[in-house]
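The values are calculated or read from the model by the stated rules, or taken from the named source; none is laboratory data. Quantities reported herein were computed from a predicted structural model and do not represent experimental measurements. No Cβ is skipped: glycine too gets one built from the backbone with ideal geometry, and neighbour counts run over all protein chains shown. All accessible areas refer to the heavy atoms of the entire protein, side chains included, with ligands and DNA or RNA removed. Shrake-Rupley method; radii C 1.70, N 1.55, O 1.52, S 1.80 Å.
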Amino acid sequence: MSSEQTPAPEAAESAVETDSRPGRLTAAAGLNALEGLALVVGGAWMLVAGLTGHPDDRTSAVTGGVTLIVLALLPLLAARGLLGRRGWSRGPAVITQIMALPVAYNLLQADSIAIPAGIALAVVAVAALVLIVHPETTRALGIRGPGNAPK
């Protein structure tokens, strides 16, 4: 075999580095998936309660449940894209976290058991935002900043 057919050890190491998914990216995908699953569970609970129980307004309960399930698509698609290292997935992931922050704030304003849920949601949203905009994650997704277009 000639040296042209076998890659240099440095090239093999750099190929492994570029092919591996950073832990921050995996964690961000996990947090987005967690939020999506929570929306699906909440939506299913509202839907079932609206259909089988005696809510004040059955139409609102069913509409709310369906809306939550449809909204769950955004973080679930973002999580799938992040795991696949797709650059487009960063936008939906950031939008999900920005939408979660006002919800967390409203939960924190309640005088009920919703306060711990607000704290948990706020922590998850802020942590996911930090992970998503981290430079390592940005590089792994192949996103270039302004002025860094390929030559």
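Laid out as a table, the results:
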{"read-out": "Sole exception among (1) in contact with a helix residue (DSSP H, G or I) (Cβ under 9 Å, 6 or more places away or on another chain); (2) closer than 24 Å to G23 by Cβ; (3) surrounded by 13 or more Cβ atoms within 10 Å (Cβ to Cβ) for R139, by number", "value": "(1)"}
{"read-out": "Filter result (farther than 26 Å from I119 by Cβ, of a type outside the set (V, I, T) and in contact (Cβ under 8 Å) with a residue 12 or more places away in the chain) within region 20-60", "value": "R21, P22, L47, G50"}
{"read-out": "Residue that is modelled with the highest pLDDT, among those in region 7-66 that are of a type in the set (D, E, K, R), closer than 21 Å to L129 by Cα and open to solvent by 60 Å² or more (accessible area, probe 1.4 Å)", "value": "R24"}
{"read-out": "Unique residue being open to solvent by 40 Å² or more (accessible area, probe 1.4 Å), within 18 Å of L37 (Cα to Cα) and not basic (K, R) when the list is V133, V123", "value": "V123"}
{"read-out": "Number of the exception - G87 against (1) under 15 Å from I143 (Cβ atoms); (2) modelled with pLDDT of 95 or more", "value": "(2)"}
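Let's see how each residue does on (1) more than 16 Å from V133 (Cβ to Cβ); (2) surrounded by fewer than 19 Cβ atoms within 10 Å (Cβ to Cβ); (3) in contact with a Leu (Cβ under 8 Å, 6 or more places away or on another chain):
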| position | (1), (2), (3) |
| --- | --- |
| L77 | yes, yes, no |
| V94 | no, yes, yes |
| L107 | yes, no, yes |
| S112 | yes, yes, no |
